[in-house]
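Encoded as structure tokens, the structure appears first; notes follow it.
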Amino acid sequence: MKRFLALATVLLFVFPAGVAAAGGWAVASLDTTPVAFEVGQTHQVRYRILQHGVHPVDVDGTEIRFFKDGGEMVAFRGKSTGEVGHYVADVALADPGTYRWDVTMGYFPVQELGTIEVSGPVAAGATGGSALNWMHIVFPIAAVISAGAVGLQALALHRRPVLNAG
């Protein structure tokens, strides 16, 4: 009986760690980068969900969420495009301002996308200048995610057992 309890206790602690070590992570990669969001206009945001940063994967339930400083949240459901792991969300924000936004990916952890500026209606002949701000957000995030994926792959290759040919 003591052996059974000891084994059960070990399994309770080891099993969740084994599942986590199996690679339960993904990244959302934007297919289209909105130059700017404008109040009252619907923008299609296309994105992919890549398990381990590489393989497109379908998930049950994904959405793009926007959070304003006051804590209010607006969510836009992602719809499958028919291609594995590819989604599109129709985004229409009602208020101008700075929003923090993220992507939910089913059972995978939420991925933060930084902040984005939403402008009021643009007057005829006016030009937007938020494209540069957008690139300052997306490229560092993509660089960090890529570096992390490469590091994890290198670590996985380094830990592979070497088979003796003897």
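The values are calculated or read from the model by the stated rules, or taken from the named source; none is laboratory data. All values derive from a computational prediction rather than experimental measurement. Cβ: placed from backbone, ideal geometry, glycine included. Neighbour counts: every protein chain shown. These accessible areas exclude ligands, DNA and RNA; they are computed on the full protein's heavy atoms, side chains included. Shrake-Rupley method; radii C 1.70, N 1.55, O 1.52, S 1.80 Å.
Would you mind working out the accessible area per residue for the stretch 35-83, using a 1.4 Å probe, and quoting it in Å²? In whole numbers, the stretch 35-83 has 58 Å² accessible per residue.
Computed from label points 7 Å out along Cα-Cβ, the spacing between Asp95 and Arg46 is 3.2 nm.
Evaluated on the stretch 25-73, the Kirkwood hydrodynamic radius is 12.9 Å, with distances taken between all distinct Cα atoms. Taking amide H atoms as placed 1.01 Å from N in the peptide plane, the amide H of Leu93 lies under 5 Å from those of Gly40, Gln41, each 5 or more residues away in sequence or on another chain. Take the Cα of Ser80, step 7 Å toward its Cβ, do the same at Val110, and the gap between the two points is 2.5 nm. Here the 3J(HN,Hα) profile of the stretch 83-91, calculated from phi with Karplus coefficients 6.51, -1.76 and 1.60 at θ = phi - 60°, is 9, 3, x, 9, 9, 9, 10, 8, 9 Hz, Gly and Pro shown as x.
Charged neighbours of Lys79, selected by a Cβ distance under 13 Å, balance to -3 (K, R count +1; D, E count -1).
Hey, rough spin-label estimate for Met73 and Leu30, points 7 angstrom out along Cα→Cβ, what's it come to in nanometres? Inter-label distance under the simple model: 2.0 nm.
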